[in-house]
Every structure is written in structure tokens, then in C-alpha cells.
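All remarks here apply to the structure that follows.
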Amino acid sequence: MSDAKASTDDKVLIIPCSGIGKAFGSVGREAAYMVMEELRPDETDTVCLSLLTLGDEDGQRRVREHKTITIDGCPQACARINVEQAGGTPAATFRVFDVFRAHKELRVRQVSDIGENGRQLAKILAEEIAAKVDALRKGEN
Amino acid sequence: MPDLPKKKVGLIACSGEELPEGTISRMATLKVLEQLRPEDTVTLCLPLFLAGEERERAFARFYPTIAIDGCAKRCAAQATAKYSAPPAASLVVTELIAENGLPQPHGVRRLDAAGERVAQAVADLLAHEVDRLLGKPSSPIVAGDGAQPVAAEAGTMAVATCSCGSGIPVAKITVNSHQVEVLALPAIFDQFREQGKLPTDDTADELMAAVKIYNRVAADEEAALHEAVLREYAAYVSTSN
């Protein structure tokens, strides 16, 4: 169960990797939206990763001031690295592959349509992230 | 010619997660990559310019690129120019909506009907821009007129893939005491060695001809680069034997 509606300043930023060429990037983005729209809509927010890549001052300030969770779709770890380069320290990092490794029956093939397997994988990941959001908001690491 | 990736158009979408227009940039790009121009386009995740290595940053110097941005911040165009090379063309979804009287999109996770329509219009424009950059014939367009999909071969599914890890090989060599990046040089050296070419003056001329396919070489820099490429090739051959 999520806490009461959080103030803007208390929100945990969920930053997926913006992956466009790999199916796991799409799964990571879907998981992020599940958390932000369904599971913890009042406790979470996001920043366009492309803003951080560009060096946008407002985007950089937000990742420095908020607790941040990154989600990466491939080993290049663009979300984590871009947040770190922006001066932030991710409070937690998730990799889609780690979830897949525990659920190898959920193969995802297409970037633009992750299908039922992809949605299931995203849901499992989203629930892990939501639990982490709760822990972070309680002051746990 | 060395065995390098085919010259295609690189599509760099901002994929902005906060705005419907960011989702449109990604969906339109995927439509072009998967359906409209699968043989003529490649992509790279925008954040990889910063997170990646030299071969990722060489992307826009090898491929003519189109930046597809969701909003006026133009992250894709600016980041591509900052880390790689200025895009050959750029497109901003919010401007396209305003200029063409398209409906206002809603939804970041799932686009509404208006968003789907705008995504199709952006994809159509992109497909025509790809044709233009590759010098292919393309009919005049109106946003949303519906570019024709290219049929995939029987039994195959067109799948978009990014170019990370399979990018352009780059070598850094010293020219006039400066470090210079030369695209494709490792592949060119491999090919010349396999052909048994020795590091002679004649070979140097051939090497430079290959180098100039993939790199812009200013006239006043050519002699120094010629000398440096031959020197590097001699070193490469001696360590390879």
C-alpha cells in the first residue's frame, strides 16, 4: 500500500533507459510507466533521460535533489550512467535482464510490441520497483 | 571497399518519457525502422552518446542522421551535435503539429487516437526525408499522407535494432602532434593486410583513397594524414606478423 499523496519534493524519480533498439528497453519503459501510472502514481515522477544526456540544468538539479531509481534494458547502462554524469547517485538500479534471468519463460522479441510476455516481465519488475519506492520513502536503503 | 556497415540514415529519437510528443518521436521512428524503410535506416539510443564509447560517438559522423525531437528543447538534435556530429535534418513534433493543424496528442504510455495519427504523420515525413538524404525518388508529401511500407521478404519480420556495439570502428592516430579520429581505419587496415599489401608509397595512396570514403579530409591536412596513415599501417603490419 502506498503512502498518502506525496508532495512534489518527496517524489522518487523513476528513470528508464530510453532504449529504442532492444525489446528489454521497451520492457523497462513499460515497467516505469506501470509504477508511475498504476502502482505509485502519487509517489513517483520521471525526467526525460535525453534531457540529462544534453546537460539540461533543471533535469540535472532534479536528479541531484530527488531519490532516483534507474532501469536499464542493456549492459550499456545508459540510465545509470547518465544519472551519475548529471551528478545524481541512483538510490537503486534495476536491470531488465536480471528479472528475465529469473523468468526465462518470458521471452520478448519485438521492440514496438512487447506482447503478453513483455507485459508480464514489466509487471514483475514494476512490483519490485514499487517495493523499493516504499522502502526509500520510509528512509530505508 | 572494407567490410563496413552499409551507408544508411541514422534516426535519433529523443524518446522523452515525460511528454506524449516524446512517445510519438519513438513510435514514429520505430514505424520507419520496422515498416517504412527497414533497409535504409538504423538507430542508436540517444543516451548512449554519453554512456557509450568512441564507436557510438562516431555514429553521426558515419551515418547522415535525422534527429526526431518531441519538444522545442531539441535534446536529440543538440546531443547528437554535441557528442557526434550535427544531424543532416531535424524534426520537432510540437512544431509539426502546429504547422500542419494536427490534433493534440495525449498519453505517454499509450497514445490516444490523436497521438497515433500524429505518429503516423511524423513517420511519413521521416520516410520521405530518408529518401531525400539517400538520393532516392520520393513523391511530394503532406503530413499524414501515408508513406508506403516496404514489404519484408517472405517469412521474415522487420525488426528494429540499435547500432550499439556494432558501430563504426574508429582509430585515433597522431597527425602533426595532434590526436585525430579516423573512421573505419581498423577495418581498412585489416582488409589491406589480408590482401598482403606492404606499407609502400603506392599502398599509402590506396589507403588514403579508402580513408577518404569515410572521412572528410581537408586539402591542407591531407599530406600530414597521408604520412601518418602510412606510418600507422607499417606499425600495424609489423605487429600483426
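The values are calculated or read from the model by the stated rules, or taken from the named source; none is laboratory data. These numbers were taken from a predicted model, which means no experiment stands behind them. Backbone-built Cβ (ideal geometry, glycine too); neighbour counts: all protein chains shown. These area figures cover heavy atoms from the full protein model, side chains too; ligands, DNA and RNA do not enter into them. Shrake-Rupley method; radii C 1.70, N 1.55, O 1.52, S 1.80 Å.
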Any hit, segment A:17-39, residues being assigned to a strand (DSSP E or B) and either more than 19 Å from A:GLN120 (Cα to Cα) or at the interface with chain B (Cβ under 7 Å from one of its Cβ atoms) (or both): no
All positions within segment A:34-63 that are more than 16 Å from A:PRO90 (Cα to Cα) and open to solvent by less than 10 Å² (accessible area, probe 1.4 Å): A:VAL35, A:GLU43, A:SER50
Single match in A:ALA102, A:ALA86, A:ALA79, A:ALA122 (criterion: open to solvent by less than 50 Å² (accessible area, probe 1.4 Å), farther than 28 Å from B:ARG55 by Cα and among the hydrophobic types (A, V, I, L, M, F, W, C)): A:ALA122
Out of B:GLU56, B:GLU39, sole residue that is more than 8 Å from every other protein chain (Cβ to nearest Cβ), open to solvent by 10 Å² or more (accessible area, probe 1.4 Å) and more than 29 Å from B:ALA98 (Cβ to Cβ): B:GLU39
Selection status of B:VAL32, surrounded by 24 or more Cβ atoms within 10 Å (Cβ to Cβ), touching a Leu at 6+ places or on another chain (Cβ under 9 Å) and of a type outside the set (S, T, N, Q): yes
Subset of segment B:194-241 [among the basic types (Lys, Arg) and modelled with pLDDT of 90 or more]: B:LYS197, B:ARG231
Single unsatisfied condition, B:GLU17 versus (1) assigned to a loop (DSSP other than H, G, I, E, B); (2) among the acidic types (Asp, Glu); (3) more than 11 Å from every other protein chain (Cβ to nearest Cβ): (3)
Residue within segment A:7-14 that is touching a Leu at 6+ places or on another chain (Cβ under 6 Å) and either modelled with pLDDT under 95 or assigned to a loop (DSSP other than H, G, I, E, B) (or both) present: no
Some residue of segment B:21-30 being in contact (Cβ under 8 Å) with a residue 24 or more places away in the chain and either at positive phi or touching a His at 6+ places or on another chain (Cβ under 6 Å) (or both): no
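Which helices (runs of 4 or more DSSP H) does segment B:21-125 wholly contain that include 3 or more residues that are assigned by TED's automatic domain parsing to the domain that holds B:VAL182 and closer than 20 Å to A:THR46 by Cβ?
Ranges flagged: none.
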Odd one out for B:ALA89, checked against (1) modelled with pLDDT of 90 or more; (2) within 12 Å of chain A (Cβ to nearest Cβ): (2)
